[in-house]
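Visitor: First, the structure itself, so that you have it in front of you.
All of the numbers you see were taken from the coordinates with simple rules; none came from a lab. This is a predicted model, so every value here is computed, not measured. Every residue, glycine as well, gets a Cβ built from its backbone with ideal geometry; the counts of neighbours run over all protein chains shown.
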Amino acid sequence: MIVRPIRYLGDPVLRKKAKQVELINDDIHVLVESMFSSMNKAQGVGLAAPQVGVNLAIAVIDIPTHEPFTIINPVITKSNGMRIVENEGCLSVPGYRGNPERSIEVFVEARDVNNKKIKFHAQDNLLAQVLEHEIDHLQGSLYIDRLKDINELVKLNSLDWNDPEE
């Protein structure tokens with residue numbers, strides 16, 4: 001499957017609001033497959049289409065507690081509370097970690113690759129964090145925008161992270 005290059009901080013596509021998907025067709029299915037390949041190669045747990053240069057409201061997620069899944073045109077319909085998430089990173093900001101503010105609880109509605117309506121209710125766990133992180137990407141926002149102070153961003157030792165160019 002095609003592995004698409006990850007776009008990094010500074011690429012304008014990461015700061016644009018993603019366009020809604022009007023039709024889930026074979027092109028979307030190919031894009032989703034390539035997004036999973038790209039995410040897996042980069043050893044991520046989530047990837048939004050803008051991170052591979054495609055300005056569409058699609059994200060793929062693969063975390064240990066769930067089967068891999070796709071969200072298309074996702075919307076956070078409700079969120080509650082705030083918490084600090086420790087050591088969050090992003091494939092588009094490699095080599096850095098931070099402690100952003102995230103919702104304690106999120107309710108999300110989206111479509112899957114078969115155009116079926118799907119809903120998530122996640123509370124104070126990795127699923128809530130990743131859903132919010134990827135939906136932020138689709139709004140043109142990065143996790144660093146949720147830091148209280150950009151100086152809190154921590155550069156990792158190069159031995160602590162995989163260089164995506166390798």
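Visitor: Report the label-to-label distance for LEU9 and ASP27 in nanometres (one decimal), using points 7 Å from each Cα along the Cα→Cβ vector.
Guide: 3.3
Visitor: Suppose we keep just the DSSP beta bridges with both residues in the chain; what percent of those would be antiparallel, to 5?
Guide: On the way: 26 of 27 bridges.
Antiparallel bridges: around 95 percent, rounded to the nearest 5.
Visitor: So, one more: Based on Cβ point charges of +1 for Lys and Arg and -1 for Asp and Glu, what charge dipole magnitude is obtained for region 1-155 about its Cα centre, in debye rounded to the nearest 20?
Guide: On the way: 18 positive and 20 negative charges, 55 e Å.
Computed charge dipole of region 1-155: roughly 260 debye.
Visitor: For ILE150 and ASN87 in one chain, what is 0.36 nm times their gap in residues minus the Cα-Cα distance, to one decimal in nm?
Guide: Working: separation 63, 0.36 × 63 = 22.68 nm, distance 1.37 nm.
Working it through step by step, the gained length comes to 21.3 nm.
Visitor: Given the -39500 (n - 2.57) contribution per DSSP H run of 4+ residues, what per-residue ellipticity at 222 nm results for the chain, rounded to the nearest 500 deg cm²/dmol?
Guide: Details: 2 runs with 29 residues, N = 166.
It lands at -5500 deg cm²/dmol.
Visitor: Relative contact order, percent, of region 12-160 when contacts are C-alpha pairs under 8 Å separated by at least 6 residues?
Guide: Values: 287 pairs, mean separation 37.6, N = 149.
It rounds to 25 percent for region 12-160.
Visitor: I would also like to ask the following. Over what distance in Å are the Cα centres of region 23-79 and region 102-142 separated?
Guide: 11
Visitor: What fraction of the Cα pairs in region 1-116, stated in percent, has a spacing above 21 angstrom?
Guide: Numbers: 2706 of 6670 pairs.
That fraction is 41 percent.
Visitor: Can you list residues whose amide H is under 5 Å from GLU105's amide H, if they're 5+ apart or on another chain and H is modeled 1.01 Å from N?
Guide: For GLU105, whose amide H was placed from the backbone, the distant partners under 5 Å are ASN80, ASP124.
Visitor: Of LYS17/LYS116; LYS41/LYS78; LYS16/LYS148; LYS78/LYS155; LYS19/LYS119, which pairs sit farther than 26 Å apart, going by alpha carbon to alpha carbon?
Guide: Numbers: LYS17/LYS116 23 Å; LYS41/LYS78 32 Å; LYS16/LYS148 22 Å; LYS78/LYS155 33 Å; LYS19/LYS119 20 Å.
Violating the 26 Å limit, Cα to Cα: LYS41/LYS78; LYS78/LYS155.
Visitor: Which order do the peptides 134-140, 123-129, 20-26 take when ranked by the mean count of other beta-carbon atoms within 10 Å per residue, highest first? Please report the intermediate quantities before stating the final value.
Guide: Values: 134-140: 20.4, 123-129: 17.0, 20-26: 11.4.
Result, highest mean first: 134-140, 123-129, 20-26.
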